[in-house]
Protein chains: 4
Amino acid sequence: MSSVWGKNIKLSIFGESHGRAIGVNIDGLPPGVELDFSFIKREMKRRSPGRNSINTKRQEVDQVEILSGYFNNKTTGTPLCAIIWNTDKKSKDYDLIKDIMRPSHGDYTGNIRYKGYNDYRGGGHFSGRITAPLVFAGSIAKQILAKDKIIIGSHIYSIGEMKDKGFDYIDIEKEKLVSLQESDFPVLDNDIGQRMKELILSVKKDGDSVGGVVETVILNSPSGIGSPFFDSIESTIASLLFSVPGVKGVEFGKGFQISKMKGSQGNDQMYFLGEKIQSYTNNNGGILGGISSGMPIIFRTAFKPTPSIGKEQRTINISKRKNTSLKIEGRHDPCIVPRAVPVVESVAALALLDLMMDVKKYD
Amino acid sequence: MSSVWGKNIKLSIFGESHGRAIGVNIDGLPPGVELDFSFIKREMKRRSPGRNSINTKRQEVDQVEILSGYFNNKTTGTPLCAIIWNTDKKSKDYDLIKDIMRPSHGDYTGNIRYKGYNDYRGGGHFSGRITAPLVFAGSIAKQILAKDKIIIGSHIYSIGEMKDKGFDYIDIEKEKLVSLQESDFPVLDNDIGQRMKELILSVKKDGDSVGGVVETVILNSPSGIGSPFFDSIESTIASLLFSVPGVKGVEFGKGFQISKMKGSQGNDQMYFLGEKIQSYTNNNGGILGGISSGMPIIFRTAFKPTPSIGKEQRTINISKRKNTSLKIEGRHDPCIVPRAVPVVESVAALALLDLMMDVKKYD
Amino acid sequence: MSSVWGKNIKLSIFGESHGRAIGVNIDGLPPGVELDFSFIKREMKRRSPGRNSINTKRQEVDQVEILSGYFNNKTTGTPLCAIIWNTDKKSKDYDLIKDIMRPSHGDYTGNIRYKGYNDYRGGGHFSGRITAPLVFAGSIAKQILAKDKIIIGSHIYSIGEMKDKGFDYIDIEKEKLVSLQESDFPVLDNDIGQRMKELILSVKKDGDSVGGVVETVILNSPSGIGSPFFDSIESTIASLLFSVPGVKGVEFGKGFQISKMKGSQGNDQMYFLGEKIQSYTNNNGGILGGISSGMPIIFRTAFKPTPSIGKEQRTINISKRKNTSLKIEGRHDPCIVPRAVPVVESVAALALLDLMMDVKKYD
Amino acid sequence: MSSVWGKNIKLSIFGESHGRAIGVNIDGLPPGVELDFSFIKREMKRRSPGRNSINTKRQEVDQVEILSGYFNNKTTGTPLCAIIWNTDKKSKDYDLIKDIMRPSHGDYTGNIRYKGYNDYRGGGHFSGRITAPLVFAGSIAKQILAKDKIIIGSHIYSIGEMKDKGFDYIDIEKEKLVSLQESDFPVLDNDIGQRMKELILSVKKDGDSVGGVVETVILNSPSGIGSPFFDSIESTIASLLFSVPGVKGVEFGKGFQISKMKGSQGNDQMYFLGEKIQSYTNNNGGILGGISSGMPIIFRTAFKPTPSIGKEQRTINISKRKNTSLKIEGRHDPCIVPRAVPVVESVAALALLDLMMDVKKYD
């Protein structure tokens, strides 16, 4: 079981990297929503490979075809299924690695889980490519949230050891988030961004890869969204973030840093600003008791380095039951982080929308 | 919605800190399991307050009463409901804070979410006390997993800035984990443990609190457990961990640290050790593509400092709609981390058991 | 898995007939609902045994104890758990039948399903007694629906071959439904009701039992509740009705009768009555395409005769692996139908409320 | 919410009658299952229109295209998505009825539920056409069940007032079920079958339609499948049957008839036949306490007459807010029952497989 998520919004994803098509069925969307396809296209493009010198040269178009649930330029309220055809497939590339398990990929565990029947080509259903339908779904969620002025933005918080400035936890401009969304390589400090790019190109030249962290903010979320325990905002967002290939850590607010603090430092003291309830700090990242406080919701997502590297690695041949080594040829992202940004934002949008629907009706 | 979790094992929790009783209904347990109540008692005791000078002096007994699903000293396979009566209630303590929102607690967000009807006494349903039924459920899951030699152990990885040694990611002795389970204050380095305790006592004396991190290992998990995407091991464990009050970060394997690595450093290269498949490193923490590899499953959970502190804090009176300040009197843990250890292990046991049941039938 | 139901309202039931207690955890109730306990008591009493000469003489009190989720005389919005202690237990009665499977009970199938570990006393978790918590939950749902003037009423449509008049499908008076709710033995034609009672007493004298049908109407449901396919009103109500022990058939509107009609007879033609949309007939029982039309929702539920009878029956001894025979002594309802009426209404109320919450927010 | 069903097998359906495509995403299938596409094709053909003079002349090909989850002629174990393109669309036919609500269709309730944004062409998502993906999914479930010799067969139990013989409840030949599966118009008594066809043709000539009942048997189900209460076999099968457009009644075993019996007549007395446990009768239709007894599982499903008829009907124009009348032209089944047979079998297969997976692992 792997492909169905959500309570009010139900996502059901499918597909393999080199199969016929990938896609998502989305149930529970409000009816009557007119979609902005140029926005969707931009979001899809942010995730797509081949945009610049940093990323893989695979030129997939990622053209979304809507099969259902959209009629007369509006959502119908019934399931919206959308697919993306796989066009740029070179399956022969993968014949060699049918039996040779790529280290730190899902090749080996997928082989065990599915008893050798999984589609191994390009990682099959384990491929990061399956996040494209999530970005499509997220781009719809973002549009629905935007009607309530809720906006989600991210920047590349770090690449390897190189760190961007962090978001201000209290005072975040909506315009800044919009401009980050429009950037190929969103950072708060452009000089650092430049050096991050150079770092990525340098590991690429070495046939190596590098990881990084994405920092995300959800602005203007109303207070009172989420629930204690199993449907906390943290649980809901994290369960989706950890669904994204390559994610190994998630923290909210000050996260691991708050664990080092004293209560007198970490606690977010509160006050009335006119009628509005604010906190002086936002170390809890806009979430208390699993529920939104109205302060910006802030979290960071850690991505491991792309497992596909050109350097020789020791591994196993699973059918011959023997040790071997492997150099992964071909086109691979030296760093997945820039393309992961819209994926992170998308699942956050979906998580928040799902929880919003517990307390708000969309008409 | 907040209280139901799981697919094969369904947990349904209930209760408030100062209500009549708290408890859990567990559905989907295999029939015919004889429970070791001394083990359950030990686990409950690990979580219970008042054990030593470090913790709160509330002397709750946390006696579990099983209402159903257990017959002739065996689980029946039908729902097992267990409750814990609330005995040591001093609700008058909380009358003052009915309207005064304690900073960094769920008081304010709960008030908004439940329109002021939530039970505010002692945090009500938001209380860490509701984790007691989770420990009960987890202590059953642990017993079932133990039949397959799966064992879960943890140590206090850090308190404030003070760090214990970390687990070896490859070579972990079962006996070590057992002895950690039996400790009040489980650490790998006892000297550091001593200093951690001193730190806690010192913040306590200040009327302050401190956070920390728990590191957990699941040993002997078979390979092939979990699924890609929404039912990945990471998603499933994290969704439960982020349900636990006070958790602000979760990372698997090297977590945020792996994001700083290059692929050539971070990738877990593999080899056959006889018939067994191993990896030289275990930076992915025993999980690849969301599925267990057979290596130890490792994760860390970051807890914020206990929000209840004796120092004066600025906050709001929500009915009078004005600013005020608050000094929280009474008995409160200066550090929640030692008592959180069995909670973390419990939810990990429940998450793993739920995923195990996708691929294994218990007879 | 057996005990968790619902999407917006989550029910989690537990207990065995002769165990410690039975109960239900209800999550997702709106906060701030003041419960009318005299109404709840009346509903519980309608289901309870021992009310009159017709039913079993077991004098269970069915006193509900609320453990959580209710504070200051209002629902909190967090899980409301309620239990009923089992007091009038005579477990020795059942020692004989530990191995002797009562025909048409769940004894045999429960034994197989739970590998002999199920609590066999009084049917254990299979007992009709477990419907008491459903009536409690339903009595809350009814109160919430009543605020929108939605009312649910039933009558005993038939006992054995003896049939009451049917409901008018178009024109049903709210007052009539209220008076049916207040009756021990609700029928539309009191003369027939009298003869039904005589029939029940006569089969009782014979040591036999008899089945029957309950007809139920939901009045004033707004149009637009429910969904096509898996969450149709019919699917949702039927999935709960078929959870009730003894139910073997469910039909909506004209049900099996409509299958004999021509389209020109069965179709519900429509018209505007002022601003209101009506249909001339209501053969579809207020549901089209799985969604409410605003006409009365009507369905019938068929109950088999109580399996416990005093006559000798052939059956098996499952441990001795041999044939035997059995006469079931003791107190048993000769007809379950009168006590089933509030159960049917309760699950209908819960089903409708759960679907309502897809389109309406309760504040 | 309407489109996601199941626990171990997750079905997610989508599509509209005249949209781009309809389909289903199936998650949780065991890996390594080789599909028999000629069997699937036969099943799809059984449901497809235009096979004979009785049915509509729409010549849809219903060619299934698998997009994912099938690799090297085996299921992968990851989500299997399959779509059917809509080719024979004449949307102009439906422009007239955009505002004129067809009686007894979902037009009106869908309009309310989805605020007028639903795709009205050919019933949109409410169309019986959406059952085609269910038949595809069911044809896979049937193949998996067949490995355990479980076979599902049905006959047309009645058309209008005309009744076929019923199944023997004890002694059913597998071969008979196979031959029923292969028939266009499965009946037990061919003479009656001939007269049923004549009846259908006669109502067709009148521009009218007629309903009917399907009787289904599941042979060789092992005992111990299903659970008490919410996951009873009855609840699970019924929740899917009532998802099928046109179904208004479902009964198991003797169903409504058993409600007329005395316990001494209705009870299924039991005996050992060698090592095998049997019952003398099977009035409970192979299900006791919600769980299979090993006897044949038997149920009947009542379908209403096709709502689309050529006769003039009174109805409303929903935009003009006034009364009007309607004659539905074009090609419509005078009786949906023959084509519904494989749909009923398919959802029964899916329900049983889902419940089987609670107690059996498929390798």
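Taken together, the values in this text are just the output of simple stated rules run on the coordinates, not laboratory data. Keep in mind the model is a prediction, meaning the values are calculated, not measured. Here Cβ is always computed from backbone atoms with ideal geometry, including for glycine, and neighbour counts include all displayed protein chains.
At-a-glance table
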| read-out | value |
| --- | --- |
| DSSP-loop trypsin sites (Lys or Arg not before Pro) across the stretch C:139-205, with at most 15 other Cβ within 10 angstrom | C:Lys147, C:Lys149, C:Lys165 |
| Peptide A:4-11, shielding by other chains (average Cβ, 10 Å cutoff) | 5 |
| Inter-chain shielding of D:156-163 (mean C-beta neighbours from other protein chains, 10 Å cut-off) | 2 |
| Selected from C:Tyr114, C:Tyr157, C:Tyr169 as most flexible by GNM, with chain C as the system and alpha-carbon contacts under 10 Å | C:Tyr114 |
| FRET efficiency estimate (nearest 0.05) - Cβ-Cβ, C:Lys322 to A:Lys149, R0 56 angstrom | 0.15 |
| Projected label distance in nm at D:Lys165 and A:Ser38, using a 7 Å step from Cα toward the beta-carbon | 7.1 |
| Reachable lysines from C:Lys41, criterion Cα separation under 26 angstrom, eight or more residues apart if same chain | C:Lys10, C:Lys57, C:Lys74, C:Lys89, C:Lys90, C:Lys142, C:Lys147, C:Lys149, C:Lys174, C:Lys176, C:Lys197 |
| Number of partner chain Cβ atoms within 10 Å, mean per residue of A:314-327 | 3 |
| Distant-in-sequence amide H partners of A:Ile287 (H built 1.01 Å from N, under 5 Å) | A:Ser293 |
| Helical segments meeting 27 Å axial Cα length and Kyte-Doolittle 0.0 threshold in chain C (DSSP H) | C:337-359 |
| For B:Asn317, net neighbour charge (Lys/Arg +1, Asp/Glu -1) across residues whose Cβ lies under 10 Å away | +3 |
| Principal axis box of the protein assembly as shown, alpha-carbon based, largest edge first, Å | 83, 69, 66 |
| Amide H partners (placed H, <5 Å) of D:Ile172, local residues excluded | none |
| Trypsin sites (Lys or Arg not before Pro) restricted to DSSP loop in the stretch C:259-337 with at most 13 other C-beta within 10 Å | C:Lys320, C:Arg321, C:Lys327 |
| Most mobile listed residue (B:Pro30, B:Pro334, B:Pro133) in chain B, GNM with C-alpha springs under 10 Å | B:Pro30 |
| Label-to-label distance, nm, for residues given as A:Trp85 and A:Glu275 (7 Å Cα→Cβ offset) | 5.4 |
| The stretch A:349-363 versus the stretch B:225-290: alpha-carbon centroid distance in Å | 30 |
| Computed [θ] at 222 nm, deg cm²/dmol, chain A (DSSP H ≥ 4; -39,500 (n - 2.57); rounded to nearest 500) | -8000 deg cm²/dmol |
| Bridge type composition, the protein assembly as shown - antiparallel percent by DSSP, nearest 5 | 100 |
| Normalised contact order of chain D, rounded percent, pairs of Cα under 8 Å and 6 or more residues apart | 22 |
| Under Karplus coefficients 6.51, -1.76 and 1.60, residue-wise ³J(HN,Hα) of the stretch C:322-330 in Hz, glycine/proline x | 9, 6, 7, 9, 8, 10, 8, 7, x |
| Cβ-defined net charge surrounding B:Lys10, 13 Å radius [Lys, Arg +1; Asp, Glu -1] | -2 |
| Net dipole in debye of the protein assembly as shown [+1 Lys, Arg Cβ; -1 Asp, Glu Cβ; about Cα centre; nearest 20] | 0 |
| Fluctuation leader among B:Asn317, B:Asn73, B:Asn111 - chain B, Gaussian network, Cα springs under 10 angstrom | B:Asn73 |
| Histogram of C-alpha separations across the stretch B:212-268, 10 Å bin width, % | 18, 44, 35, 3 |
| Interchain or long-range residues, amide H under 5 Å from A:Met261's placed H | B:Gly211 |
| For the stretch C:62-73, 3J(HN,Hα) per residue [Karplus equation, 6.51 cos²θ - 1.76 cosθ + 1.60, θ = phi - 60°, Hz, x = Gly/Pro] | 6, 7, 8, 10, 8, 9, 7, x, 9, 8, 6, 6 |
